[in-house]
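As structure tokens, the structure follows; a few thoughts come after it.
The values are calculated or read from the model by the stated rules, or taken from the named source; none is laboratory data. Bear in mind the structure is a predicted one, so any value in this text is a computation, not a measurement. Note: ideal-geometry Cβ built from the backbone for every residue, glycine included; neighbour counts use all protein chains shown. Ligands, DNA and RNA are excluded from the accessible area calculation, which covers all protein heavy atoms including side chains. Shrake-Rupley method; radii C 1.70, N 1.55, O 1.52, S 1.80 Å.
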Amino acid sequence: MSKPLLSVVITVYNEEDNIQPLLEATYSALSEIDYEVILIEDGSTDRTVAEVKKYANERTKLLIFNRNYGQTTALAAGIDQATGEYIATMDGDLQNDPTDIPTMLQKAIDEEWDVVAGRRANRKDGFVLRKIPSKIANWIIRNTTKVYLNDYGCTLRVYKAEIAQNMGLYGELHRFIPVLAKQQGAKMTEVDVKHHPRIHGTSKYGLSRTFKVMADLILMLFFQKYFQRPIHLFGGLGLLSFLLGTLISFYLLILKILGEDIWGRPIMILGFILILGGIQLITTGIIAEIIVRTYFESQDKKTYRIKDIFQGKA
């Protein structure tokens, strides 16, 4: 089989009512393009699998997970299976519009962009629970990573295959895909895309992800700034810690020389616990993350297990 121009990777989880209109809209939008569609069924408990098998065409492949792994892992599995020169990603909840994909693909080809990211110009989500937290998260990520995109939460993007397939997606890093792409030297741009209100099903996201995003941001900043030179981070913290400890010890020594009793003073005990405990917790978390990445990448292991693969027919 010849290599298609475009692979469209779509993650679905409990989206049974969305499958038929999603596939029909996708096939219609891509009718003039040599494409393949890869759906990743992320451990759904409804009839999502049956609906995909019912409406899939011969260019559609369905990856069925044995359990729910999360959006990042589902995207990684779909990207691994993609054979196209370009890869487009989108959600399966009908809020992304597949009619935007041909325009984004053409822009990537004509202007030689490595990544064309969607920007939801008129977002159809709740203002308090979705828009405000998203705007805050986008601002923080944009200004800390210095990767200046406006909408990190929009899954609709088009990538050159070599960029998408070498990003190393783990955990819940899908929001930071532009940062991962930038680390590979990707040239990227943003375009306005359509966004529709959710009609069927319920959102899988809420305010609970805020702390996860912040934790992942710390990891991203580490990989972005210190992955190849960790001594700049740990050495700096170590020197600062040593200096503070020395100053405290010198201060207590002076008090001892002056005849004061320094044993059991809060400044000595609390300072020691907070400084060493904080550094230990931070470095343990980062080192553990590096160990996990090394475990998967050095042995070419996957972070998921596919139970079955279904190929649509004409």
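Side notes on the structure shown:
- For the residues Leu75, Leu22, Leu94, the requirement of being assigned to a loop (DSSP other than H, G, I, E, B), in contact (Cβ under 8 Å) with a residue 40 or more places away in the chain and not basic (Lys, Arg) singles out Leu94.
- Test result for Ile109, open to solvent by 50 Å² or more (accessible area, probe 1.4 Å), part of a helix (DSSP H, G or I) and over 16 Å from Thr26 (Cα atoms): yes
- Taking first residues from segment 267-291 that are among the aromatic types (Phe, Trp, Tyr) and partners that are outside any helix (DSSP H, G or I) and loosely packed, with under 14 Cβ neighbours inside 10 Å, no Cβ contact under 9 Å between residues at least 6 apart in sequence or on separate chains turns up.
- Residue in segment 43-59 that is among the aliphatic types (A, V, I, L, M), in contact with a helix residue (DSSP H, G or I) (Cβ under 8 Å, 6 or more places away or on another chain) and in a strand (DSSP E or B) present: no
- If you check Val115, Val52 for being hydrophobic (A, V, I, L, M, F, W, C) and in contact with a Pro (Cβ under 9 Å, 6 or more places away or on another chain), only one passes: Val115.
- Scanning segment 180-199 for residues that are of a type in the set (Gly, Ala, Ser) and either open to solvent by less than 40 Å² (accessible area, probe 1.4 Å) or in a helix (DSSP H, G or I) (or both) yields Ala181, Ala186.
- Within segment 118-135, one or more residues are closer than 19 Å to Lys212 by Cβ, open to solvent by less than 10 Å² (accessible area, probe 1.4 Å) and polar (S, T, N, Q).
- Enumeration of residues in segment 62-102 that are open to solvent by 10 Å² or more (accessible area, probe 1.4 Å), over 25 Å from Ile199 (Cα atoms) and over 20 Å from the mean Cα position of the chain (by Cα): Asn66, Thr83, Glu85
- Residue tally, condition part of a loop (DSSP other than H, G, I, E, B), open to solvent by less than 60 Å² (accessible area, probe 1.4 Å) and among the charged types (D, E, K, R), over segment 136-161: 1
- From the options Leu30, Leu23, Leu94, Leu62, residue that is within 27 Å of Met188 (Cβ to Cβ) and modelled with pLDDT of 95 or more: Leu30
- Yes/no for Thr303 being of a type in the set (S, T, N, Q), surrounded by 13 or more Cβ atoms within 10 Å (Cβ to Cβ), under 36 Å from the mean Cα position of the chain (by Cα) and modelled with pLDDT under 80: yes
- Top-ranked residue in segment 162-179 [being open to solvent by 10 Å² or more (accessible area, probe 1.4 Å) and assigned to a helix (DSSP H, G or I); ranked as farthest from Gln95 (Cα to Cα)]: Glu162
- Selected residue (only one of Tyr152, Tyr86 is touching a residue at least 24 places away in the same chain (Cβ under 8 Å), among the hydroxyl-bearing types (Ser, Thr, Tyr) and touching a strand residue (DSSP E or B) at 6+ places or on another chain (Cβ under 6 Å)): Tyr86
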